[in-house]
1. I want to confirm something. Restricting to the stretch 13-43 and keeping residues that are open to solvent by 100 Å² or more (accessible area, probe 1.4 Å) and among the aliphatic types (A, V, I, L, M), which single residue is modelled with the lowest pLDDT?
2. For the stretch 44-88, what are the residues that are surrounded by 14 or more Cβ atoms within 10 Å (Cβ to Cβ) and part of a loop (DSSP other than H, G, I, E, B)?
3. Taking interchain pairs and intrachain pairs at least six residues apart, which have beta carbon atoms under 7 angstrom, with the first residue in the stretch 49-70 and under 13 Å from R86 (Cβ atoms) and the second exposed (fewer than 14 other Cβ atoms within 10 Å of the Cβ) and aliphatic (A, V, I, L, M)?
Amino acid sequence: MLTPDEYMALMRLITSERESEGASLALRKDSITSPKRRTSRKASKSRKNLSKALKKANAQLRNKNGTLRKGKTQADVMRLAQRLKRKM
């Protein structure tokens with residue numbers, strides 16, 4: 001059986017270990033992640049054009065209620081979007 005003083009000392013020790021463990025985990029997480037790379041202008045432009053092309057392709061291959069037209073798949077939408085992007 002622990003006395004109240006011993007119990008409180010033990011609890012203080014446990015909480016201080018948790019705090020130091022959390023701090024060390026936070027430091028470890030920061031060191032693992034690499035800095036983010038900048039996106040080149042060419043990649044940004046390409047992504048923007050693909051976004052526009054996808055909007056056009058979806059408009060062409062979907063019904064008014066938003067479902068794909070009969071016989072069309074999402075792969076068809078992407079193929080059309082890639083074709084439209086090349087034309088831009």
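The values are calculated or read from the model by the stated rules, or taken from the named source; none is laboratory data. These figures come from a predicted structure and were not determined experimentally. For neighbour counting, all protein chains shown are included, and Cβ atoms are generated from backbone atoms with ideal geometry for every residue, glycine included. When the accessible area is computed, the model is the full protein with side chains, heavy atoms only, and any ligands, DNA or RNA have been set aside. Shrake-Rupley method; radii C 1.70, N 1.55, O 1.52, S 1.80 Å.
1. Here is the first cut: in the stretch 13-43, the ones open to solvent by 100 Å² or more (accessible area, probe 1.4 Å) are 17-19, 21, 27-30, 32, 35-38, 41-42.
Narrowing further to those that are among the aliphatic types (A, V, I, L, M): 27, 32.
On the way: L27: 57, I32: 63.
The selected residue is L27.
2. The answer is K72, and nothing else.
3. Going by the 7 Å Cβ cut-off, the qualifying pairs are N49/M88; A53/M88.
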